[in-house]
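A short worksheet on the structure shown next.
The values are calculated or read from the model by the stated rules, or taken from the named source; none is laboratory data. No experiment lies behind these values; they were computed from the predicted model shown. Every residue, glycine as well, gets a Cβ built from its backbone with ideal geometry; the counts of neighbours run over all protein chains shown.
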Amino acid sequence: MKTLGAVLRSSGKPRPYAVSRPLEVIELDLDPPGRREVLVELRAAGICHSDLSVIDGSRERPTPMVLGHEAAGIVVETGPDVTHLRRGDHVVAVFVPACRACGPCGVGRPALCEAGNRANGEGTLLSGVRRLREGREPIHHHCGISGFAQFAVVAENSLVRIDSSVPLDIAALFGCAVLTGVGAVMNSARVTPGQHVAIIGLGGVGMAAVLGARTAGAESITAIDTLPHKLKQASELGATATVSADTHDAIARVREATRGGVDVAFDMSGSVRALEMAWQMTRRGGKTVSCGLPDSRHLLSLSPAQLVAEERVLQGSYLGGGDPALDIPRYVDWYREERLPVASLISARLPLGRINEGMDALATGSALRQIIVFP
Ligand SMILES: [Zn+2]
Ligand SMILES: [Zn+2]
């Protein structure tokens, strides 16, 4: 069949993207779903920093590729041996497909799935195939999803079924921003009522973490970013204090306000400087958690003596540090119970044809979560 999709032919084009147009929206061929694969009509896809990292080249991925990894839609057709989805199901896509058979999957850590991460690196579906083509030229899949398209063929294990009462533009958020941000709070940091937390980097994931920390009952939530309008938004979402990352004494201020540092500091920005700040804001015996994915060539420096003598924990959190098949329905329930008001993360809805403008708005920090919606 045919589908419109936003193809990245090569990384590293200059900004503004509205002019250089790294993503070309064109008609592509989409092969039918194979064994344990599903054809999904996508209704919404979020524009996330990890898409931007592929466009600017800080995250290497094979091209040509249809980007997009935070998406929701409706199952149109199922391939052979699909067991847990049916036509008409509403689904959220997950950006690491779990094989449910490898070592990490076997111990309940699907974020580390060997086959899933290999497929993501190679730009294929979980089974190793590509279903997208432009004529005879194969097109790579982004994170097994390629959500910036009207239709997608994905592994059934890339999808989690959700209650059909949730609007699909909001549902898309649960695939990356909410899964990652709330998961970091609930699974990786295990924030408990009364704890003090700091969150550095207020993009979609950081703001979702603010919501998650509030849901978890944190005593104080200090939101930190360089952009004043992000600090204001974080206050509206439930941050109890804000600090500009550009203030010369930002670390000292947080340590003083929390009498020696926060119990958990999150780096959600993908910059090494922010992770170092998070480490310095963490109290003795506390946890520093990072969801940021900096350029893989960058290195972190910290004091191993402090790590030991202060019994510190430094933890990475990927895919929300849990099992998306369990976490997403749980977070959706919280949304429906109005305990997790994630709709406030959406700053704009755009048609697919304006995706390059959306990437500019993300790069400059003027947007929070922009959702591509399909008519
Ligand atoms: Zn993402
Ligand atoms: Zn696996």
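Of all residues in the stretch 289-301, count the ones that are farther than 18 Å from Gly203 by Cα and touching a Lys or Arg at 6+ places or on another chain (Cβ under 9 Å).
Total meeting the criteria: 1.
With the checklist (1) surrounded by 16 or more Cβ atoms within 10 Å (Cβ to Cβ); (2) within 20 Å of Arg133 (Cβ to Cβ); (3) charged (D, E, K, R); (4) over 20 Å from the mean Cα position of the chain (by Cα) in hand, flag the one item Arg61 doesn't pass.
Arg61 satisfies every listed condition except (4).
Filter the stretch 50-63 down to the residues that are closer than 13 Å to Cys143 by Cβ and within 14 Å of ligand 1 (Cβ to nearest atom) and list them by number. Before the answer, list the steps.
From the stretch 50-63, those closer than 13 Å to Cys143 by Cβ are 50-51, 53-54, 59, 61-62; that's our starting set.
Listed by number, the residues that qualify are Ser50, Asp51, Ser53, Val54, Arg59, Arg61.
Within the stretch 109-119, is there a residue that is under 27 Å from Leu4 (Cα atoms), surrounded by 22 or more Cβ atoms within 10 Å (Cβ to Cβ), modelled with pLDDT of 95 or more and away from ligand 2 (no atom under 14 Å from the Cβ)?
Here is the first cut: in the stretch 109-119, the ones under 27 Å from Leu4 (Cα atoms) are 116-119.
Subsequent filtering for residues that are surrounded by 22 or more Cβ atoms within 10 Å (Cβ to Cβ) retains 116, 119.
Add one more test, that the residue is modelled with pLDDT of 95 or more, and what stays is 116, 119.
Remaining after also requiring away from ligand 2 (no atom under 14 Å from the Cβ): none.
No - not one qualifying residue is present in the stretch 109-119.
Considering only residues of the stretch 206-228 that are among the hydrophobic types (A, V, I, L, M, F, W, C) and assigned to a helix (DSSP H, G or I), which is surrounded by the fewest Cβ atoms within 10 Å (Cβ to Cβ)? Spell out the reasoning first.
Within the stretch 206-228, the first condition is being among the hydrophobic types (A, V, I, L, M, F, W, C), and the residues that meet it are 207-211, 213, 216, 218, 221, 223-224, 227.
Subsequent filtering for residues that are assigned to a helix (DSSP H, G or I) retains 207-211, 213, 216.
Working: Met207: 31, Ala208: 32, Ala209: 37, Val210: 30, Leu211: 28, Ala213: 33, Ala216: 20.
So the residue we want is Ala216.
Filter the stretch 100-135 down to the residues that are assigned to a loop (DSSP other than H, G, I, E, B) and touching a His at 6+ places or on another chain (Cβ under 8 Å), then identify the one that is nearest to ligand 1 (Cβ to nearest atom).
Here the residue is Gly123.
Quick check on the stretch 92-108: of everything there that is more than 8 Å from ligand 2 (Cβ to nearest atom) and in contact (Cβ under 8 Å) with a residue 12 or more places away in the chain, which residue is farthest from Cys143 (Cα to Cα)?
Going through the qualifying residues, I end up with Gly108.
Given Gly68, Gly5, Gly79, Gly73, which one is in contact with a Lys or Arg (Cβ under 7 Å, 6 or more places away or on another chain), crowded, with 18+ Cβ neighbours inside 10 Å and either at pLDDT 95 or above or not assigned by TED's automatic domain parsing to the domain that holds Asp360 (or both)?
Exactly one of Gly68, Gly5, Gly79, Gly73 is in contact with a Lys or Arg (Cβ under 7 Å, 6 or more places away or on another chain), crowded, with 18+ Cβ neighbours inside 10 Å and either at pLDDT 95 or above or not assigned by TED's automatic domain parsing to the domain that holds Asp360 (or both), namely Gly73.
Working only within the stretch 64-99, note down all residues that are of a type in the set (A, V, I, L, M, F, W, C), assigned to a loop (DSSP other than H, G, I, E, B) and either over 16 Å from Val332 (Cβ atoms) or away from ligand 1 (no atom under 16 Å from the Cβ) (or both).
Leu67, Val82, Leu85, Phe95, Val96, Ala98, Cys99
Leu231 - would you say it is within 13 Å of ligand 1 (Cβ to nearest atom), at pLDDT 95 or above, assigned to a helix (DSSP H, G or I) and not aromatic (Phe, Trp, Tyr)?
no
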